[in-house]
1. Around Leu148, with a cut-off of 13 angstrom between Cβ atoms, what is the net charge of the other residues, counting Lys and Arg +1 and Asp and Glu -1?
2. Just grab the label-to-label distance for Asp215 and Leu92, each label 7 Å out from Cα along the Cβ direction, in nm (one decimal).
3. Rank these for me by crowding, Arg115, Arg204, going from fewest to most other beta carbons within 10 Å.
4. Quickly estimate the mean residue ellipticity at 222 nm for the chain, helices only: each DSSP H run with n ≥ 4 gives -39500 (n - 2.57), and the total goes over all residues, rounded to 500.
5. If you put +1 on each Lys and Arg Cβ and -1 on each Asp and Glu Cβ, how big is the dipole of the range 194-273 around its Cα centre, in Debye rounded to 20?
6. With a ≥ b ≥ c the root eigenvalues of the C-alpha gyration tensor of the range 194-273, is it rounded (a/c under 1.5), prolate (a/b larger than b/c) or oblate?
7. Could you please rank Glu208, Glu158, Glu153, placing first whichever residue has the fewest other Cβ atoms within 10 Å of its Cβ?
8. So if I place +1 on the C-beta of Lys and Arg and -1 on the C-beta of Asp and Glu, and nothing else carries charge, what would the dipole magnitude of the range 133-285 be about its Cα centre? I want it in debye, nearest 20.
Amino acid sequence: MTTDQQSLAAAVLDDFDARPGSATSLTRTVLGAYIRDLGGWIAVADFTELLAVLAIPAPSTRTAITRLKSKGVLHSETRSGRAGYALTDAALAMFARGDPRIFGFRQMTSGDAWRLLSYAIPESNRAARHQLRRRLSAIGCGIVAAGLWIYPEYLAAEAAAIVTALDLDNYVTSFRATDPTVPGTLRAAAAQWWDLDDLAAKHRAFYEKHHGILDVGSNDRSAFAHFTLMLDEWRIIPYIDPGLPDDMLPDDWPGPASAQLFAEARHRYLQPSRRWVRAFIDAQG
């Protein structure tokens, strides 16, 4: 790969690397939700103070920035005599790719198409094979059998980007499919292909933890502090949830409740949060 291709590959894979709530994850969330909106650059001192509002100590912020620089998400750039960081082109593409997933929760209908992915990766390349399995699982793909994965057709481009980033195109074949026929019911099959119990638990935990956000006052700083923590935790859920059709889900599926909660919070708090960040940074300058 060329240097640019390596940077793009690293950014593609970074979509799934940061654990929600960690300094690196919150740093990444602030970059994507706010700094990108301000032109993609921020001074070092301003960034440290901004993250402190989220209770991230300065040393943790610096460590997170170093990690994101090594992944090709940030690069150092001085503007008007102030040292700072700018988002790379690969990072901007990464955030743009994530926007529809995070802010526009997708769900299949019964007639939508599927994509099947099969691979035969040699043992000599087992590290990449392990990474492929981990990454496919991280975007909501299900396991039908060893070496055979299934996911909604609308995830095809994301899966293909992962395959390319891992340099595995020569080992992977995919098929568009409709009308799966399974032993038993589709609900039983879905429960085997995906860990729906774990996914349901994440939806319920998110709802229980954050449903009180709709009672937060109108103060812009408070909106930023509360909504950013919520966004950082939410952004993982629409990746691991493929958006299965209703006839493949349990009757008490908690996904719609948590998705609706996030949608309402986004509508109410995203713009005030961005307004506060812009005012905060303007005041520092």
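Bear in mind that the values in this text are calculations on the coordinates, not laboratory data. Since this is a predicted model, take the numbers as computed values, not measurements. Here Cβ is always computed from backbone atoms with ideal geometry, including for glycine, and neighbour counts include all displayed protein chains.
1. +2
2. Simple spin-label model gives 4.3 nm for this pair.
3. By the 10 Å Cβ count, ascending: Arg204, Arg115.
4. So the calculated ellipticity at 222 nm is -17000 deg cm²/dmol.
5. Using Cβ point charges on Lys, Arg, Asp and Glu, the range 194-273 gives about 540 debye.
6. prolate
7. Glu208, Glu153, Glu158
8. 560
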